[in-house]
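The values are calculated or read from the model by the stated rules, or taken from the named source; none is laboratory data. These numbers were taken from a predicted model, which means no experiment stands behind them. Here the Cβ positions follow ideal geometry from the backbone for every residue, glycine too, while neighbour counts run over all protein chains shown. These area figures cover heavy atoms from the full protein model, side chains too; ligands, DNA and RNA do not enter into them. Shrake-Rupley method; radii C 1.70, N 1.55, O 1.52, S 1.80 Å.
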Amino acid sequence: MSSRPRHPGLHDAKGRELPHRLVDASGVSTYVVDAGEGPPVLLLHGYGDTADGWRRVIPGLLARHRVIAIDVPPFGRSGDPRTPRLIDFYGPFLPELLDRLEVDRATVIGHSLGGAIALHLSLERPERVERLGLVAPAGLGKSPPWWWYALTGYGRVWKTALSVPSPLTPLLIRQGLTRFLDWRLFHDPRQMRETIDHLVSMHSTPRDFDRLLAAGRCCIDSYTGTLLEDSAAIDVPKWMVWGRHDGLVPSAHAAAFRSLHPDASVHVFDDCGHYPHIELPSRFNRLLAAWMAETGPAPKLRAA
């Protein structure tokens, strides 16, 4: 029996699985879900997650939009870019992927690391971004939080666990990940056991966990220390959602972003952690739909 995790997949409102395929971009095989018709929306998940993290958001978008959700390399079912600086890889990768999908311009919504990637894309290739949605985006601080270094492999415990072969190693990894996610990820982890268990299962073998840590060390580069200030140059419609009890990325960054972007629609959810789109999907989807309706293109007038 395979030890690989079973991904929940993405489905429409009637429970039908959405079409997906592998697309080569920048030399990396990339898992892409592509469904629906209308103005395109590109969804970028966070560190260690997959496209399936948007499963509670996509059904509401499909009625009016072409929705593209990817497993951001090197996570999930996509390949590994094998680069020392992931944030540099994403620069040419996303425009090439959009070209392969024949998308000139899209609404880009990113969560956590995906939010940092979306910010960089908006700054480096503004012609490709119609609107920008940010969900607890990483990279707005001056430096990564202290715990990030421990999580990504600089701690002695992780190095020892991975360097000494032992049948107890997978158990140690699972316990360590579970405790960390219970502590930092969700406001009420008791309500999110299925989601936490799935995230743990994806990274619980020594090989997968080492891959996760290696990606984390690369992701630290998303903290340039100037990303918030640099974002002042972004002039497309902007929408942001954060959980007040986010234990991964401080929700105080939402206030700083609002001060810099008074035109942005910024929301901070009480009783919510790092995953507003999973923890409070009804509120999240209602606000997202309202913002997209307000900022969407005006309806075309019929010729007289």
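Which count do you get for residues in the range 99-113 that are closer than 19 Å to TYR47 by Cα and modelled with pLDDT of 95 or more?
Summing the residues that are closer than 19 Å to TYR47 by Cα and modelled with pLDDT of 95 or more in the range 99-113 gives 4.
Scan the range 13-28 residue by residue and report those that are of a type outside the set (A, V, I, L, M), surrounded by fewer than 16 Cβ atoms within 10 Å (Cβ to Cβ) and either at pLDDT below 90 or assigned to a loop (DSSP other than H, G, I, E, B) (or both).
Once the filter is applied, which keeps residues that are of a type outside the set (A, V, I, L, M), surrounded by fewer than 16 Cβ atoms within 10 Å (Cβ to Cβ) and either at pLDDT below 90 or assigned to a loop (DSSP other than H, G, I, E, B) (or both), the range 13-28 yields LYS14, GLY15, ARG16, PRO19, GLY27.
Residue-by-condition table, conditions (1) in contact with a strand residue (DSSP E or B) (Cβ under 9 Å, 6 or more places away or on another chain); (2) modelled with pLDDT of 75 or more; (3) in a strand (DSSP E or B); (4) open to solvent by less than 30 Å² (accessible area, probe 1.4 Å):
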| site | (1), (2), (3), (4) |
| --- | --- |
| SER143 | no, yes, no, no |
| TRP147 | no, no, no, yes |
| LEU151 | no, no, no, yes |
| LEU162 | no, no, no, no |
| PRO167 | no, no, no, no |
| LEU172 | no, no, no, no |
| ASP197 | no, yes, no, no |
| ASP208 | no, yes, no, yes |
| CYS219 | no, no, no, yes |
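Are any residues in the range 246-285 part of a helix (DSSP H, G or I), charged (D, E, K, R) and either open to solvent by less than 20 Å² (accessible area, probe 1.4 Å) or in contact (Cβ under 8 Å) with a residue 40 or more places away in the chain (or both), and if so, which ones?
GLU279
Under 8 Å between Cβ atoms, which residue pairs at least 6 apart in sequence (or on different chains) link something in the range 35-63 that is in contact (Cβ under 8 Å) with a residue 60 or more places away in the chain and open to solvent by 10 Å² or more (accessible area, probe 1.4 Å) with a partner that is assigned to a helix (DSSP H, G or I) and among the β-branched types (Val, Ile, Thr)?
Pairs that qualify, where the first residue is in contact (Cβ under 8 Å) with a residue 60 or more places away in the chain and open to solvent by 10 Å² or more (accessible area, probe 1.4 Å) and the partner is assigned to a helix (DSSP H, G or I) and among the β-branched types (Val, Ile, Thr), are ARG56/ILE278.
Kindly list, by first and then second residue, each pair from a residue in the range 286-304 that is at pLDDT 95 or above to a residue that is acidic (Asp, Glu), limited to pairs with Cβ atoms under 6 Å and residues at least 6 apart or on different chains.
none
Of the residues ARG82, ARG21, ARG16, only one is without any contact (Cβ under 8 Å) to a residue 24 or more places away in the chain and on the phi > 0 side of the Ramachandran plot; which?
Going through ARG82, ARG21, ARG16 in turn, the sole match is ARG82.
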